[in-house]
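Taken together, the values in this text are just the output of simple stated rules run on the coordinates, not laboratory data. Model, not experiment: these values are computed from the prediction. Here Cβ is always computed from backbone atoms with ideal geometry, including for glycine, and neighbour counts include all displayed protein chains.
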Amino acid sequence: MGRSRRTIPEELLLLALDPTTGTTAQPQSLDLGLAGAQLVELALAGRIAPDGDRIAVVMARPTGDPTLDSALELLRRRGSPVRAVHWIGGPRLGLRQTYLTHLERCGMVHAVAGQMCGVLPTTRYQATETAISREIRVRLDNAIRTGVPPDPRTAALAALAHAVGLGKHLYPGNEGRSSRSRLRDLIRHDPMGGLVAHAVMDVQNGAVVQPRRPQAAGAGAVGQPVARATAEPAGAPGQSRHGHGRMARVGAR
């Protein structure tokens, strides 16, 4: 995968990075969003495709991006399609830090060491390629304000930004309410982005039931379906996601 274009996980992280504090907005939900963004990027690269509400590997050939290829290999090892909510809700230790380190290595951010309370070591990150950060933001702003259907990458980025609760970070205050509402509405423009964004919100709302181990014959059901959330993600304003219709059942790209 060429490096002339930033991946969706990288763009999502750059959107979340606060230029004043050097920290990321919505850090807990952002970890889920990065896992979901990897799925969207792999789908755009033709490596995976939605299969109902599951994700199936359709081409195991590496993309050339080590972080994406690690996720692709884990999906391949599953051997069968995996539910998006179970993948996103699984352990993702250090994913945000992995991408911050990657962006630092690429020269996109600069790490600044510090201390909390004069004792605990901390690291903050400042964007160094501000032109790229502005370009990402302009794409999102144009999609929100022009009403023109965005390209799949921008639509997926908008869906994930809404799902992890970046609306108030990007468009704060009362003056940003209409922009936050339109950000939420962009979720309908990309089926894969919509599927993943809804899965991120389901995980945040605790609506994911992990599959049970098979029981002995006659002992009852062998698993539970994924429950559906009715609330919005923490930190993201707007209506219930059911107001936009389910996108879980989409065809393969």
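Which net charge results when you count Lys and Arg as +1 and Asp and Glu as -1 among the other residues whose beta-carbon is under 10 Å from that of residue 151? Don't skip to the end; give the middle numbers.
Numbers: positive: 139, 153; negative: 190.
So the environment of residue 151 carries a net charge of +1.
For region 1-46, what does the alpha-carbon gyration tensor say about shape, rounded, prolate or oblate, given a ≥ b ≥ c as the root eigenvalues, a/c under 1.5 as rounded, and a/b over b/c as prolate? Can you show the working numbers first?
Numbers: a/c = 4.67, a/b = 1.62, b/c = 2.88.
Cα axes put region 1-46 in the oblate bin.
Could you give each residue of region 34-49 its phi-based ³J(HN,Hα) in whole Hz, using Karplus coefficients 6.51, -1.76, 1.60 with θ = phi - 60°, and x for Gly or Pro?
5, 5, x, 5, 4, 4, 4, 5, 5, 5, 5, 7, x, 8, 9, 8
So, counting K/R as plus one and D/E as minus one, what does the shell of residues with Cβ under 11 Å around residue 97 add up to?
On the way: positive: 92, 96; negative: 31, 104.
Neighbour charge sum, excluding residue 97 itself: 0.
If you put +1 on each Lys and Arg Cβ and -1 on each Asp and Glu Cβ, how big is the dipole of region 51-188 around its Cα centre, in Debye rounded to 20? Please list the in-between numbers first.
On the way: 21 positive and 12 negative charges, 70 e Å.
Approximately 340 debye in magnitude.
Which distance in nm do the two modelled labels at residue 146 and residue 60 give, with both placed 7 Å along the Cα-to-Cβ direction?
4.2 nm
Once both labels are modelled 7 Å past Cα along the beta-carbon direction, what's the residue 5-residue 101 spacing in nm?
With each label point 7 Å from Cα toward Cβ, the separation is 2.7 nm.
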